[in-house]
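For reference, the structure is listed below as structure tokens.
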Amino acid sequence: MNLCFLVVSGPLEGRMFPFEKGESLSEHSEKWFSTLSLDGNGEKVSVSLRTEKNKFFGAMPELQEDGTIQYLKEKELFLGEEILLGHLVFRLVEMEKGVIVSKSEQVDLTLADSYICEKDVSFPELSAQEGKGDYLIEELYSLGLKLNYATSKKELVDCVKKSFRKYFSRERILFFFWNKKEGSFQEIPASDSDHFKISNNEFSLSRTLVTQVLKEQKPVFCKNVLLDDHFKTSESLHGQLIRSVLCVPLVFQKKILGLFYIDSSKPSQWPPLLTGYAGALASYVSPILIHIGEKETLEEENRLLKSEMGECCFYICPSEKMLKMYSLLERVAPSDLSVLLQGETGTGKEWCARLIHKHSRRKGNKFVALNCAALSKNLLESELFGHEKGAFTGAEQKKNGLVEIAQGGTLFLDEIGEMPLDIQASLLRFLQEKEIRRVGGTQTIKVDVRVIAATNRDLKKDADSGRFRKDLFYRLSGVILKIPPLCQRPEDIKGLIYFFIRKMHNKAEKKISPQVMDALMHYEWPGNVRELKNSLERAFLLSSSSFLTWEDFFPEGEELSEATRKFTHHFSYRESFASFEKEYLKNLFTQSKGNVTSASKLAGLDRTHLYNKLNRYGIEAASFRKS
């Protein structure tokens, strides 16, 4: 067998440099060598091959940036494999018989200003060459099995980088995923940070490279940036001292999911088989990436749902009044209509506003809240619309208002009924024209903001009396949602109590006895949900017992109503319930005037069941009939 190096790229393209047979190392092992001279200094560069049972092993020289030669560790070579020496790319081939090659040819391996441009931006396919090709196919199969267990993008990146480090030990390997929301590629770092940085400059993707990859949706491989027409003018590649680059798109059903990227500060010595391996791997990664993305989306939606459940107590209120409000809220949220929330203090108007925002198309943008009753007239105007520098004493710099900050999102105006009339005029203009002007400014600023207002006043009555602008009222009340007070929905109280207890899980575990729970459900709660929450937190803090008492909730001595007292003086739930049931039966037969059939219809119980209850409590129906 006659071996040689064929120059496939560079100023001596097409020339061959043979190996001469050296000593026999054993019966099945021989040594071959070829000597190349560096132009200008006469230094010899020796390339030696060792054959062993039809396999080739070589210790390749590598030209350092300071001009010195360093020999790499011996590795297995294959016929057809390409090797970079300086700026010449050699291919190991078998010479045909009869070919005469000059042995005196000098090869210049030093850097030069210009070379013949190589236009190799194609991507070699993975082929099963004997030996290494089979190994890479096995490696690809093994890696594919491991990738199936990746549960996050980070795990996927770790797995792929670990595989490629076997072959690309000195290169930088990066993964970029397309962030649809940001409209850009973002790097997903691996667990082990990449220590193979090319320069100290901040890394940036080449726009020229990315444009070509996105346009063709095929891998792009450049062996030498200096010699490639496509990248000669790429400022980012040259500025970061990148000399060779491989960029593989991650594509699924013609959609770009991300990029797999390898670069080096030296011209490429990567064999075609490995670059093909990268392309084949991309076809493995893409569908797995889709699966991970869908999984992360579901987890994020689940997290947001749990967050909403944790922040908003409306979800656990089963009363008919609240269910009707949920239904209306679900229909209102997706639109851009202004919403006016009406309800007593503490009913949860801001919770409701946040719920509307989270179910609207604006949920990805900001929710900004402002209490209109908490600021003076001048401060309120500046807080809402912002101000220019020098607009008033103390305005030392320009400030954006909350309307601008909420751009694309939702602005919540609490206690809107307390807003001064002249500020109401500015708010009306903003709602009508979708534009604002900062205090002290002349420039008109277009804004896109949904407004949700809340009040505990009767705004319609205030508008009729002139205390509130009628035109503003009609602008704000695109939809009016009335949140019922807690006293009108006592069936929600138990669920709210357990909801707040779960939120206080880090505190000492305490329980509420049935009779105390019954008393809490019959209490009117003038401060509504806010009072209930604060009372529960106070009881948890002050009580030294494992069971909470009425005094723990109301240490100031709040008295029970007479109706509540009737059913809460017993020691057990069974006694409390029996007392309630007996009182209920007496009222039922008083209303039916002792008529069992009428009482049965009113109670929704059959006559036999009703007679059993009368006998249990010793009640006679006839005693309620008028003589």
Subject >> Counted residues, the stretch 374-422 - those being assigned to a strand (DSSP E or B) and not charged (D, E, K, R) >> reply: 7
Subject >> Positions within the stretch 240-262 being under 33 Å from the mean Cα position of the chain (by Cα), open to solvent by 40 Å² or more (accessible area, probe 1.4 Å) and touching a residue at least 24 places away in the same chain (Cβ under 8 Å), in sequence order >> reply: V251, F252, K254
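Determine, yes or no, whether Y284 is in a helix (DSSP H, G or I), of a type in the set (F, W, Y) and modelled with pLDDT of 80 or more.
Against the criterion (in a helix (DSSP H, G or I), of a type in the set (F, W, Y) and modelled with pLDDT of 80 or more), Y284 qualifies.
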Original post:
Any residue at all in the stretch 363-373 that is open to solvent by 70 Å² or more (accessible area, probe 1.4 Å), part of a loop (DSSP other than H, G, I, E, B) and without any contact (Cβ under 8 Å) to a residue 40 or more places away in the chain?
Top reply: yes
**OP:** Report, by residue number, each residue of the stretch 577-595 that is at pLDDT 85 or above, surrounded by 15 or more Cβ atoms within 10 Å (Cβ to Cβ) and assigned to a helix (DSSP H, G or I).
**Re:** L585, L588, F589
Original post:
Being surrounded by fewer than 18 Cβ atoms within 10 Å (Cβ to Cβ) and under 23 Å from E344 (Cα atoms), is that true of even one residue in the stretch 385-406?
Top reply: no
Original post:
Is it true that K197 is in a loop (DSSP other than H, G, I, E, B), over 20 Å from K254 (Cα atoms) and either more than 22 Å from the chain's Cα centre (by Cα) or modelled with pLDDT under 80 (or both)?
Top reply: yes
Original post:
Restricting attention to the stretch 280-292, which residues are touching a strand residue (DSSP E or B) at 6+ places or on another chain (Cβ under 8 Å) and open to solvent by less than 20 Å² (accessible area, probe 1.4 Å)?
Top reply: L281, A282, V285, S286, L289
Subject >> Matching entry among K461, K434, K446 (being without any contact (Cβ under 8 Å) to a residue 40 or more places away in the chain, surrounded by fewer than 18 Cβ atoms within 10 Å (Cβ to Cβ) and within 29 Å of P485 (Cα to Cα)) >> reply: K461
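Filter the stretch 135-163 down to the residues that are free of Cβ contacts under 8 Å to residues at least 24 places away in the same chain and either among the β-branched types (V, I, T) or open to solvent by less than 60 Å² (accessible area, probe 1.4 Å) (or both) and list them by number.
I137, S142, C159
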Subject >> the stretch 324-362 - residue that is under 22 Å from R530 (Cβ atoms) and part of a loop (DSSP other than H, G, I, E, B) and, of those, most open to solvent (accessible area, probe 1.4 Å) >> reply: E344
Original post:
How many residues, within the stretch 12-23, are open to solvent by 80 Å² or more (accessible area, probe 1.4 Å) and at pLDDT below 70?
Top reply: 2
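Just a yes or no: is a residue in the stretch 423-434 in contact with a strand residue (DSSP E or B) (Cβ under 6 Å, 6 or more places away or on another chain) and assigned to a loop (DSSP other than H, G, I, E, B)?
no
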**OP:** Report those helices (runs of 4 or more DSSP H) wholly inside the stretch 477-553 carrying at least 2 residues which are open to solvent by 90 Å² or more (accessible area, probe 1.4 Å).
**Re:** 493-503, 528-542
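If you check K166 against the conditions, is it within 21 Å of Q217 (Cα to Cα), at pLDDT below 80 and open to solvent by 80 Å² or more (accessible area, probe 1.4 Å)?
Taking the combined requirement at face value, the residue does not satisfy it.
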Original post:
Among the numbered criteria (1) of a type outside the set (G, A, S); (2) at pLDDT 85 or above; (3) within 30 Å of D492 (Cβ to Cβ), which single criterion is violated by P249?
Top reply: (3)
Original post:
Is it true that some residue in the stretch 393-404 is under 27 Å from D462 (Cα atoms) and in contact with a helix residue (DSSP H, G or I) (Cβ under 7 Å, 6 or more places away or on another chain)?
Top reply: yes
Original post:
When residues of the stretch 416-445 are filtered for being within 26 Å of H359 (Cβ to Cβ) and under 34 Å from the mean Cα position of the chain (by Cα), how many remain?
Top reply: 3
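Please go through the stretch 467-476 and pick out each residue that is part of a helix (DSSP H, G or I) and either without any contact (Cβ under 8 Å) to a residue 12 or more places away in the chain or surrounded by fewer than 18 Cβ atoms within 10 Å (Cβ to Cβ) (or both).
Once the filter is applied, which keeps residues that are part of a helix (DSSP H, G or I) and either without any contact (Cβ under 8 Å) to a residue 12 or more places away in the chain or surrounded by fewer than 18 Cβ atoms within 10 Å (Cβ to Cβ) (or both), the stretch 467-476 yields K470, D471, Y474.
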Original post:
When you go through (1) at pLDDT below 75; (2) touching a helix residue (DSSP H, G or I) at 6+ places or on another chain (Cβ under 8 Å); (3) under 29 Å from E82 (Cβ atoms); (4) part of a loop (DSSP other than H, G, I, E, B) one by one for L136, which number turns out not to apply?
Top reply: (4)
Subject >> Answer residue from the stretch 200-228, given it is open to solvent by 80 Å² or more (accessible area, probe 1.4 Å) and more than 16 Å from V251 (Cβ to Cβ) and is modelled with the lowest pLDDT among those >> reply: N200
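The values are calculated or read from the model by the stated rules, or taken from the named source; none is laboratory data. Fair warning: this is a prediction, and the values are worked out from it, not measured in the lab. Backbone-built Cβ (ideal geometry, glycine too); neighbour counts: all protein chains shown. Quick note on the areas: whole protein, heavy atoms, side chains included, nothing else; ligands and nucleic acids left out. Shrake-Rupley method; radii C 1.70, N 1.55, O 1.52, S 1.80 Å.
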